[in-house]
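For reference, the structure is listed below as structure tokens.
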Amino acid sequence: MSEDSEAIQQPRNLAAVIVGRISIPLLAIFTALLVASLAMLASGTNPIKAYLALGEGAFGTQKAVIETLIKATPFILGGLGIALAFRGGLFNIGVEGQLFVGSAFAVIIGYSIELPAFIHLPLALLGGMFGGAIWAAIPGYFKARSGAHEVITTIMLNFIALRVINWAIGVNGPMRAPRTVVPETPAVFESARLPILIPDTRLHAGVIIAVFAALVVYWFLWRTVAGFELRTVGANPSAARYAGINVEFNIVRTMALSGALAGLGGGIQVLGLAPYNFTTGFNVGLGFDSIAVAVLGGIHPFGVTMSALLFGAMDSGARLMQLRTKVPIDIITIVQGLILTFVAANQIIRSIYRIRARGEEDQISLGRLWGGGS
Amino acid sequence: MKSSDQDPLESLALQVSGISKRFPGVLANDKVDFSLARGEIHALLGENGAGKTTLMNVVYGLYKPDEGEIFINGNQVEIRDPNDALAQGIGMVHQHFMLVPVMTVAENLMLGHEVTRGLKLGLLSRVDRQKVSEEIEALVELYGMEVNPEAYVHELSVGEQQRVEIIKALYRGADVLILDEPTAVLTPQETEDFFEVMRSLVKQGKSIIFITHKLKEVLAIADRITVLRDGAVVGMTKPAETSEKELAAMMVGREVLLRVEKKPAQPGEDVLKVQNLHVLDRRDQPAVRGVSFIVREGEILGIAGVQGNGQAELVEALTGLTKVIEGSIHLKDSDVTHARPRAFTETGAAHVPEDRHKHGLVLSYAVDENLILQTYYLAPFASGLNINPRAVDENARRLISEYDVRTPSIKTLVGSLSGGNQQKVIVARELSRDAPLLIANQPTRGLDVGSIEYIHRRIIEKRDEGVAVLLVSSELDEILSLSDRIAVIYSGEILAIIPVEEATKERLGLLMAGVRETQESSQAAATPME
Ligand SMILES: Nc1ncnc2c1ncn2[C@@H]1O[C@H](COP(=O)(O)OP(=O)(O)OP(=O)(O)O)[C@@H](O)[C@H]1O
Ligand SMILES: [Mg+2]
């Protein structure tokens with residue numbers, strides 16, 4: 001144990017803060033890649049070749065970079081939603097469903113009315129945020145009223161969202177596009193689509209919105225009165241109550257904001273990507289991957305953005321890797337799972353690399369949130 | 001009763017030499033030498049932040065010292081973590097308890113040391129609750145500590161939780177007990193009982209390191225006394241060779257007034273008016289039963305009572321943290337009986353809460369953020385939607401210097417400050433708010449003599465400025481030296497309200513034990529409701 005390992009307990013300067021914050025995630029990524037390479041070696045593949053292909057597939061060409069950015073966009077927003085809820089002491093597992101509802105609201109506004117673009121697009125995006133917010137505020141209200149744990153209620157609402165939307169776009173469903181074979185909604189009008197940033201590519205303006213959202217979340221959490229309330233409720237609900245903060249109201253507000261971010265992510269997916277509609281199986285799993293993104297990102301908006309980029313890159317590079325080395329795409333899911341495991345159970349990483357525990361600031365752990373009834 | 005003429009090394013249960021420990025910005029221990037003889041009670045004294053807890057955490061394996069050596073029974077040992085410490089027979093009861101609230105006493109004791117019965121199935125074995133309960137009862141009997149093994153920890157009073165902590169250490173086979181401010185949370189009677197426990201422990205051959213800020217206790221029970229200042233040992237002495245005054249001066253490095261001077265009160269208008277108040281506790285049992293009193297401008301009403309007689313619930317009701325069942329509360333001219341906590345703060349109540357970790361502070365926040373916990377949404381801290389970092393900064397700097405909070409910086413996490421300095425953060429925040437009513441619940445718990453003197457002076461200053469002060473304390477000395485009138489609470493009722501001139505320790509002691517006074521013995525007694 002070196003002298004400076006304790007500086008982490010109480011960081012003295014920015015560099016120390018940053019090193020202290022990102023050393024665990026970086027080591028977790030490194031370790032996960034290492035473990036996965038053992039699996040590749042066992043199946044007779046050269047892991048170095050595979051990872052090079054992965055990197056090339058993610059960043060090798062302009063198209064690759066664009067795909068990485070597109071894939072990262074919903075991860076950023078979903079991850080932000082989860083991080084925001086975490087900071088408020090809530091474990092919003094319902095980002096999946098909130099993202100769905102957000103997509104549905106955005107798509108309905110997008111195809112059912114035609115308006116000038118400068119109104120239509122913002123309205124559709126706001127609609128997405130609103131849908132996500134409502135879907136998250138409901139479990140928030142349950143928790144505030146009766147202490148029902150949000151992990152349970154949000155999971156239930158995930159199912160409900162999924163089933164209701166599948167029904168709505170299914171045979172004779174109210175959102176079903178006429179004369180189609182697959183269950184899907186009509187495409188949204190041109191006026192509700194996100195502008196393309198580089199002509200003749202798929203790069204849409206959603207990525208800018210997502211990065212901007214990260215800045216807004218940062219500002220909100222650490223620079224605003226409401227953010228102070230949110231963090232106080234998350235860090236110590238009793239002290240929050242003592243300080244006159246309306247804890248119940250804050251729980252609902254935090255969930256609504258978290259859901260709004262997820263809903264914005266869902267809206268961007270349907271308004272930014274061809275064929276600009278909503279089909280079954282669309283975006284399934286994004287919300288759950290976002291939990292991994294948020295945890296890897298240290299539930300900090302900037303960390304979330306970085307880890308979303310990493311997840312986006314892995315998703316977009318995986319195909320080339322499979323093509324070149326026959327390593328199945330699924331290995332990426334394994335790597336992502338390992339990363340999450342190592343970050344969540346960071347004691348493993350700490351003991352491998354001999355890093356001392358940090359101070360209280362980072363003690364928002366999954367375990368504590370589980371225990372945090374009402 | 002000491003065996004000081006034995007071979008010195010043999011009779012030492014514990015010895016540390018040249019221990020130094022540095023934290024960013026502070027040298028918490030500076031080449032400390034300290035020894036504990038077998039069967040000895042050795043008191044460790046020092047100001048808040050002097051490094052007492054740090055030294056003990058080093059011995060208990062929670063911190064790795066930068067330099068220095070530790071010997072147990074004459075052998076040098078390396079203690080890497082608390083398990084090592086326990087294996088060496090060292091147990092520690094922390095200043096802030098480390099129990100799992102949702103578990104029972106027995107379950108807490110078992111944690112990590114589960115006793116099983118029947119088939120040995122590793123992690124699947126059945127836990128032998130009965131055996132544990134029996135073992136606990138045996139310990140309880142041996143040392144005369146009363147505690148119900150089946151009670152849930154969150155239902156216990158602080159005094160009871162403390163007993164659980166001690167039993168936990170004994171249960172794990174500790175021979176050397178480190179008790180970090182065990183009496184800070186106890187009432188005089190509980191402290192007496194606790195001393196009995198300590199005496200019976202040393203009789204059974206245990207050795208005790210006893211940290212406290214109460215000089216009387218040190219003189220009453222310690223065999224030897226070591227004083228730390230700014231991390232270094234400044235002296236070692238024995239009760240027979242010293243006095244409270246001398247110890248205080250040694251700790252603080254200057255003369256300390258052990259009793260505050262104050263002028264007679266000049267009471268003005270009524271500020272807080274409580275009528276026939278009824279409040280339930282967490283188990284929905286009546287905790288406050290028909291309490292009535294008035295606190296006026298410029299006076300201090302002290303609420304004396306053995307802990308757990310409804311004081312906590314009374315204060316929670318008076319700050320909006322719990323529901324009032326019956327009766328009324330008026331603050332200034334507004335009826336705040338059913339108001340939310342914020343309405344109380346805004347109408348003018350400042351509150352120094354009893355449990356500083358639960359209510360008073362957000363430990364994961366820095367000092368500066370904790371100092372705006374009540375006012376973050378008001379100018380100058382809030383401007384529009386934003387929090388103004390400059391104002392937060394300025395406020396923190398001003399309060400830290402004005403209230404002498406010892407912290408490396410305003411960005412230091414409150415959780416890493418010494419206990420006394422954490423309390424000063426709360427006191428600074430609450431007293432600086434200029435509220436017409438100050439509710440102070442155990443305001444000097446865990447504070448050193450210098451800080452107590454300081455906070456007492458601040459409270460009296462507030463009174464003299466015309467603030468109405470409601471002081472709740474289980475410390476009779478504190479009640480007697482600060483209050484202008486004293487209300488004694490017993491089992492949720494106020495048995496009497498008497499002017500301080502008519503109060504003696506004996507009279508208060510009887511009332512606190514629930515002995516009602518007859519009419520002629522006290523004209524001023526509040527009529528008990530029955
Ligand atoms: N984990 C930590 N990180 C940084 N500084 C610390 C830590 N623990 C203690 N300190 C600092 O070390 C010094 C000694 O603290 P310590 O808790 O040992 O004091 P103490 O004598 O127990 O005081 P008190 O009587 O108030 O409990 C203080 O300045 C404190 O702020
Ligand atoms: Mg201490």
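With the convex hull drawn over the C-alpha atoms of chain B, the volume per residue is 172 Å³. Chains B and A together bury roughly 2900 Å² of accessible surface, counting both sides and using a 1.4 Å probe on protein heavy atoms. If you model the range A:25-117 as an ellipsoid using its alpha carbon gyration tensor, with each semi-axis the square root of five times an eigenvalue, the axes come out at 36, 21, 12 Å, biggest first. All other residues whose Cβ lies under 9 angstrom from that of B:V158 are scored, Lys and Arg at +1 and Asp and Glu at -1, for a net of -3. Using the Karplus relation 6.51 cos²θ - 1.76 cosθ + 1.60 with θ = phi - 60°, the per-residue 3J(HN,Hα) values for the range B:75-83 come to 9, 6, 10, 10, 10, 8, 7, x, 5 Hz, with x marking Gly and Pro.
Going from the chain on its own to the full set of protein chains, the range B:374-396 has these residues losing 30 Å² or more of accessible surface (heavy atoms, 1.4 Å probe, no ligands, DNA or RNA): B:Q374, B:Y376, B:L385, B:N386, B:I387.
Taking a ≥ b ≥ c as the square roots of the Cα gyration tensor eigenvalues, the range A:195-300 comes out prolate, since a/c reaches at least 1.5 and a/b is larger than b/c. When you restrict to C-alpha pairs under 8 Å that are six or more residues apart and normalise by the size of chain B, the relative contact order lands at 15 percent. Among A:P47, A:P174, A:P237, the largest mean-square fluctuation in a Gaussian network model of chain A, built with springs joining Cα atoms closer than 10 Å, belongs to A:P174.
Rounded to whole numbers, the Karplus 3J(HN,Hα) couplings from phi for the range A:126-131 are 4, x, x, 4, 4, x Hz, using 6.51 cos²θ - 1.76 cosθ + 1.60 with θ = phi - 60°, and x at Gly and Pro. Using only the C-alpha atoms, the convex hull of the range B:333-414 corresponds to 129 Å³ per residue.
Give me the percent of the accessible area of the protein assembly as shown that comes from carbon and sulfur atoms, probe 1.4 Å, all protein chains in place.
The computed percentage sits at 58.
Per residue of chain A, the DSSP helices (runs of n ≥ 4 H) give a summed -39500 (n - 2.57) that works out to -23500 deg cm²/dmol at 222 nm.
Among the trypsin sites (Lys or Arg not before Pro) found in the range B:250-339, those both in a DSSP coil and sparsely packed, with 15 or fewer other Cβ atoms within 10 Å of their Cβ, are B:R254, B:R259, B:R282, B:R283, B:K323. Each listed q (0.06, 0.08, 0.09, 0.11 Å⁻¹) maps to a log10 I(q)/I(0) for the protein assembly as shown from the Debye sum over equal C-alpha point scatterers, namely -0.50, -0.86, -1.04, -1.36. Extent along the principal axes, Cα only, for the range B:205-342: 55, 43, 25 Å, with the longest axis given first. Each principal axis of chain A carries a Cα extent, and these read 69, 60, 33 Å when sorted largest first. The distance linking the range B:56-112 with the range B:463-519 is 40 Å (Cα centroid to Cα centroid, whole angstrom). The alpha carbon centroids of the range B:339-353 and the range A:80-149 are separated by 35 Å. Could you tell me the center-to-center distance, by alpha carbons, between the range B:231-275 and the range B:445-460 in angstrom? The range B:231-275 and the range B:445-460 have Cα centres separated by 7 Å. Specify the residue with the greatest mean-square fluctuation among A:L271, A:L84, A:L320, computed from a Gaussian network of chain A linking alpha-carbon atoms under 10 Å apart. Evaluated over chain A, the most mobile residue of the options is A:L320. Taking GluC sites (Glu not before Pro) across the range B:219-277, the ones in a DSSP loop with at most 16 further Cβ atoms lying within 10 angstrom of their Cβ are B:E255, B:E261, B:E269.
For the range A:110-268, the spread of Cα coordinates along the three principal axes comes to 59, 37, 24 Å, biggest extent given first.
Net charge of the neighbourhood of B:L373, taken over other residues with C-beta under 14 Å away and scored Lys/Arg +1, Asp/Glu -1, is +3. Note: relative contact order over chain A, using C-alpha pairs below 8 Å and six or more positions apart, is 34 percent.
The values are calculated or read from the model by the stated rules, or taken from the named source; none is laboratory data. None of these values were measured; they are calculated from a predicted model. Quick reminder, even Gly has a Cβ in these numbers, built from the backbone with ideal geometry, and neighbours come from all protein chains shown. Accessible surface areas use protein heavy atoms only, side chains included; no ligands, DNA or RNA. Shrake-Rupley method; radii C 1.70, N 1.55, O 1.52, S 1.80 Å.
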